[in-house]
Structures are given as C-alpha cells and as structure tokens.
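Asker: I have a structure I would like to understand better, so I am pasting it below and will then ask my questions one at a time.
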Amino acid sequence: MDFIIKNHHKENYSMIYNKFVQDKNLNLELKGFGVYLISKPPNWVININQLSYDLNIGKDKVLRLINRMIELGYMYRYKKEVAFVGKGELKNLYYFSDDKDLLNKTTEPFRSVATTPQLSLSAFPTVASPSMGTSSLDIPVMKTPTMENNSYNNTSDYKDIIEKEDNKKETTLTNTLSIRTYLKEILDDTTIINLLRVKPDITIDEFKNLYKMVNLEFKAGLCNNINACLVKAASGKWSFRYNVVDNEELKIHRVLKGKLNYYIDYFSIGSCSKNEILTKFLNECQKYDENLVSPYYKELKEKLES
C-alpha cells in the first residue's frame with residue numbers, strides 16, 4: 001500500500017529537486033518559500049513587496065527568508081550599480097534555484113561583473129530591466145514546469161502598484177531620493193508614502209532610531225502593527241512604553257497577547273460561542289491588572305465580531 005500518494009498531472013504542476021527538499025539546513029518555512037518560488041515561471045521577477053502581499057507576511061520576514069536562502073546558496077542577489085532607481089525599477093535582482101550548482105553556473109557572469117566595476121553592463125541586457133522574459137546570455141537557464149502560465153511576468157503588476165500610489169500621494173514624492181531609496185529596502189510603498197507625508201524631512205539616522213524603538217514596542221506586545229505604529233510615532237501620536245515599563249509588566253503584555261491570539265484561533269474552530277470565548281478570556285486574566293487586560297479584551301471582542 002502506498003502511503004505517499006503522488007499525482008501524475010501532465011499540466012499545472014511543478015518539479016523540484018529532492019536534494020533541496022531534503023536539505024536539513026532548510027527549515028519548513030524556507031522549504032515552503034522555495035517551493036512557492038519554483039512554482040513561478042522563469043521570467044517571474046522576485047519582488048519583495050509582491051512576495052509580502054502574496055504570502056501575507058511582513059516585508060522584514062521576506063527579507064530574512066531571502067537573506068537566509070542567500071547564505072545557504074539557493075539564492076543570489078545582483079545589486080545594480082546605479083545612482084538612482086527609476087519609478088517601478090528594482091535595484092536588487094534576485095535569482096533562485098533549488099540546485100546550488102545550477103544557480104552558481106547561471107549567475108557566474110553577474111558575479112564576475114560584481115568584482116569588475118569597470119566592465120560595461122551593456123553586455124548584459126537582461127540586467128538593465130527587472131523583466132527577464134528573454135535572455136541573451138549564453139548560459140544555462142532554469143526551466144521547470146510551473147503552475148503558472150510561462151508567458152506571465154509580474155513586472156508590470158509591480159509598476160502599476162507604484163504608479164497608483166505615486167498618483168495618490170504625488171506631493172510626498174518630492175522628498176530626497178536617498179531616503180526613499182533606503183526606505184524601499186525595508187518598508188512597503190504605502191507605508192513609505194504615509195511616513196513621508198507625516199514627516200517629509202525625516203533622515204536615515206532618525207528613521208533607524210525610530211524603527212528600532214517601534215520593533216521593541218512590537219516585540220513587547222505593546223503594538224499590533226509595526227508599520228502603523230511607525231507612522232504614528234513619526235507624527236508624534238505614539239507614546240513609547242517599552243523603556244518605561246518594567247520587565248514584569250512586559251511579561252504580562254506578552255502573556256495577554258498570547259492569550260488573545262489563542263482565543264481568536266479557538267473561536268475560528270467554532271466549538272464555542274463569542275460570549276463563551278470572552279468569558280474564558282476574562283477568567284484566565286483575573287490575576288492581572290484590569291488596566292492591562294482591558295485593551296486586549298476590547299481587541300478580542302472586535303476580532304470576534306468582525
């Protein structure tokens with residue numbers, strides 16, 4: 001009897017190298033990320049903003065996954081040496097393969113360019129644009145049967161997103177390109193626009209300090225959304241609490257946030273009513289200060305009613 005039941009589809013499927021799936025250096029999260037990438041056609045541009053949206057995870061997490069993949073040799077980052085990045089253009093181009101040797105062989109010309117700054121990039125037309133639909137390089141190209149239509153290219157989608165946001169908040173895009181270019185490596189475009197709207201003169205050093213403080217707030221369970229908190233803090237509408245609350249209170253916030261998430265998931269199972277869930281939550285939180293519990297109770301109630 002077969003315990004691993006395999007399909008025999010002749011279309012709408014992907015092939016993946018077993019050596020990648022069985023690599024013990026890759027955790028389940030990285031393997032899932034790699035499987036998602038390999039399901040895309042060869043000309044699909046790896047874009048951090050779009051991956052964050054499609055996978056419903058934060059941009060920071062996407063960057064961590066990519067950086068780990070690069071460390072393990074399954075991805076390669078090609079950074080174009082340009083002073084300014086045009087609208088809708090990517091400065092960093094990412095290459096992925098489930099075969100390290102194939103990735104190294106395929107990206108060898110780019111690696112050579114990276115170590116030879118005087119070499120003209122005109123010899124590599126595919127690097128001049130984020131679209132890699134056609135390649136004029138005489139190097140092996142990764143070819144895998146994919147779940148997507150191979151004629152599809154996501155470059156135009158990315159440009160459309162940028163253009164729509166630019167049209168909405170055109171006045172905010174008159175800021176210096178240096179800070180905007182820096183922010184694009186960390187934040188999504190909507191957050192960048194909102195941030196520069198409330199504080200158009202923010203410097204890179206100011207942002208670094210603000211971002212660090214917001215992350216501490218988030219890790220301590222004092223805010224629910226890093227990007228929203230960042231914009232509020234930049235506008236002066238957020239009071240940082242991480243540095244003023246003691247360690248014991250921080251532990252309580254973490255516990256309450258954990259209970260909040262637990263009961264949201266518990267409610268989704270459908271075994272208890274909304275009122276039963278709220279009662280259970282309050283009963284478990286009786287030993288904590290009411291002022292600390294109240295915001296989490298209110299949020300839980302809103303989540304259950306939504």
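Asker: For residues in the stretch 16-26 being of a type outside the set (D, E, K, R) and surrounded by 12 or more Cβ atoms within 10 Å (Cβ to Cβ), which is nearest to Lys100 (Cα to Cα)?
Answerer: Result: Phe20.
Yes or no, residue by residue, for (1) surrounded by fewer than 16 Cβ atoms within 10 Å (Cβ to Cβ); (2) touching a residue at least 24 places away in the same chain (Cβ under 8 Å):
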| site | (1), (2) |
| --- | --- |
| Glu29 | yes, yes |
| Ser39 | no, yes |
| Asn47 | no, yes |
| Leu51 | no, no |
| Leu55 | yes, no |
| Lys61 | yes, no |
| Leu65 | no, yes |
| Met75 | no, yes |
| Tyr78 | no, yes |
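Asker: Moving on. Would you point out which residue out of Asn175, Asn194 is within 30 Å of Gln50 (Cβ to Cβ), at pLDDT below 80 and surrounded by 15 or more Cβ atoms within 10 Å (Cβ to Cβ)?
Answerer: Asn175
Asker: Another question about this same structure. For the subset of the stretch 252-265 comprising residues that are touching a helix residue (DSSP H, G or I) at 6+ places or on another chain (Cβ under 8 Å) and crowded, with 16+ Cβ neighbours inside 10 Å, which member is farthest from Lys219 (Cα to Cα)?
Answerer: Tyr263
Asker: Against the conditions (1) assigned to a loop (DSSP other than H, G, I, E, B); (2) surrounded by fewer than 17 Cβ atoms within 10 Å (Cβ to Cβ); (3) not aromatic (Phe, Trp, Tyr), where does Val35 fall short? Just the number, please.
Answerer: (1)
Asker: Regarding the stretch 152-164, can at least one residue be identified that is closer than 25 Å to Ile57 by Cβ, modelled with pLDDT of 80 or more, surrounded by 13 or more Cβ atoms within 10 Å (Cβ to Cβ) and of a type outside the set (Ser, Thr, Tyr)?
Answerer: no
Asker: Tell me the residue from Tyr288, Tyr263 that is of a type outside the set (Asp, Glu) and within 33 Å of the chain's Cα centre (by Cα), please.
Answerer: After applying the criteria, what remains is Tyr263.
The values are calculated or read from the model by the stated rules, or taken from the named source; none is laboratory data. Please read all numbers here as calculations on a predicted model, not as lab measurements. Cβ coordinates were reconstructed from backbone atoms using ideal geometry, including for glycine residues, and neighbour counts include every protein chain displayed.
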